[in-house]
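The values are calculated or read from the model by the stated rules, or taken from the named source; none is laboratory data. As the structure is a computational prediction, the values presented were derived from the model and not from experiment. So basically every Cβ, Gly included, is an ideal-geometry build from the backbone, and we count neighbours across all protein chains shown. Note: accessible area is taken over every heavy atom of the protein model, side chains too, but ligands, DNA and RNA are not part of it. Shrake-Rupley method; radii C 1.70, N 1.55, O 1.52, S 1.80 Å.
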Amino acid sequence: MKKITAAITAVGKYLPEYVLTNEILEGMVDTTSDWILTRTGIQERRILKGEGKGSSYMAIRAGKDLIAKSNLDPQEIDLVIIATATPDMKAASTAAFVATEIGATNAFSFDLESACSSFLYGMSVAATYIESGKYKKVLLIGSDMNSSFIDYTDRKTCIIFGDGAGAVLFEPNNEGYGLIDEYLRTDGSGRDFLKVEAGGSLYPPTHETIDQKKHFVHQEGKTVFKYAVSNMADSAEKLLVRNNLVKDEIDWLVAHQANKRIIDATASRFDLDESKVMMNIQKYGNTTSATLPLLLNDYENQLKKGDKLIFAAFGGGFSWGAIYLTWAYNKN
Ligand code: UT7
């Protein structure tokens, strides 16, 4: 029997209006626009403003954008997965609210959290449901409101992160396009290097945890940087070897956007031309679960049926990995 492959058949996105530029950050912390640009590649990022808005606000809009662009009947969606490190609430799934708001009333839904690898892992889960033959339409949305846990007096973290959401639809494909292979890993010994320590079961909120700023992201940047570079490149390389792919056959590197120097280092392992490396970190910064789907949205017009894409991500946990996927449609 022919194996069912799971292909991405539509994309959508949402970005908040407010633009936080490097120049504005110069007035908030002891930094310079030039330092940020040189050390990270970021020029500006989007921030979600307004009372009562969380990750669901952006996820709903990214989902509706995909639905409108693809003429999808939301009632045909079987499953909605929200990849997020910043769910609306500790309890009550963000996905349940999003699914209802977008009209996916025949779907079940759940949140998937693995820091900056959430969307990559979500791709694996979504594809596996499709490949099993159990479901036909899985909507995967990556949405993160990083500004909700960033300390805007900490120059080491506030310059990197932004808010945003991106959506993709996975469907069965009968031409063999879609997710071909994956290499996913975690290493819990890395958890102290990138974390939001309080607010969970380990350290529930107290006056002390707030005074000690434990509800904000803490990152030991240099260590995370080192592991991100080696693990993203190693994972991608494993997929190339396993699938007998030579570097010239790769059409696109779709790498998590945390720091341009990490993306450049991953690309240079394969001697990839700059033109094959998707990049939007300059506009959005690190949007955690939204970086990969936002790249697909920004490059959708350039993607061609049959293109070979290598996805790679690294994040807190540590968690990381790579996915090899072939593109299933021409936009125009
Ligand atoms: O998405 C999840 C995964 N996250 C990542 O992959 C992030 C990985 N890490 C990074 O991207 C980088 O480590 C950072 C961008 C966070 C920091 O860049 P770095 O080149 O590693 O800087 P550093 O932390 O080693 O700091 C070097 C110097 C320090 O000064 P001293 O101690 O040498 O005097 C910092 O205090 O740069 C200073 N510094 C800054 N200076 C101006 C740190 N942040 C800033 C800043 N502006 N915003």
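Some points to look at:
- With Cα atoms as the point set, the chain shows a radius of gyration and Dmax of 18.9, 62 Å.
- In segment 189-259, the trypsin sites (Lys or Arg not before Pro) that fall in loop regions by DSSP, at most 15 other Cβ within 10 Å: Lys213
- Sites Lys3 and Leu202, calculated FRET efficiency, Cβ-Cβ separation with R0 41 Å, nearest 0.05: 0.45
- Counting only heavy atoms of the protein chains and using a 1.4 Å probe, His218 has close to 80 Å² of accessible surface.
- Extension gain, Asp264 back to Asp151 (0.36 nm per residue minus Cα-Cα distance, nm): 37.9 nm
- Loop-located trypsin sites (Lys or Arg not before Pro) in segment 1-101 (DSSP state other than H, G, I, E, B) with a sparse environment of at most 16 neighbouring Cβ atoms within 10 Å: Lys2, Lys3, Lys49, Lys53, Lys90.
- At 1.567 mPa s and 4 °C, Stokes D of segment 179-326 from Kirkwood alpha-carbon radius, µm² per second: 79
- In plain terms, the chain is cut at each of the GluC sites (Glu not before Pro) found in a DSSP loop with at most 12 other Cβ atoms within 10 Å, and the longest leftover piece is 176-332.
- Efficiency of FRET from Cβ geometry, Arg39 and Arg242, R₀ 25 Å, rounded to 0.05: 0.15
- Taking Cα centre as origin and charging only the Cβ of basic (Lys, Arg, +1) and acidic (Asp, Glu, -1) residues, the dipole magnitude of the chain rounds to 420 debye.
- Across the chain, the relative contact order, built from alpha-carbon pairs under 8 Å that are at least six residues apart, equals 25 percent.
- Under 17 Å, Cα to Cα: Lys pairs in segment 86-224, sequence gap 8 or more or different chains: 9
- Cβ-Cβ distance of Ala68 and Asn106, R₀ of 25 Å, FRET efficiency by 1/(1 + (r/R0)^6): the value works out to about 0.85.
- GNM flexibility winner over the chain from Thr38, Thr84, Thr157 (Cα, springs under 10 Å): Thr38
- Just the protein heavy atoms count here, and of the accessible area of segment 97-169 at 1.4 Å, carbon and sulfur take up 53 percent.
- Across segment 1-93, Cα pairs under 8 Å and at least six residues apart give a relative contact order of 32 percent.
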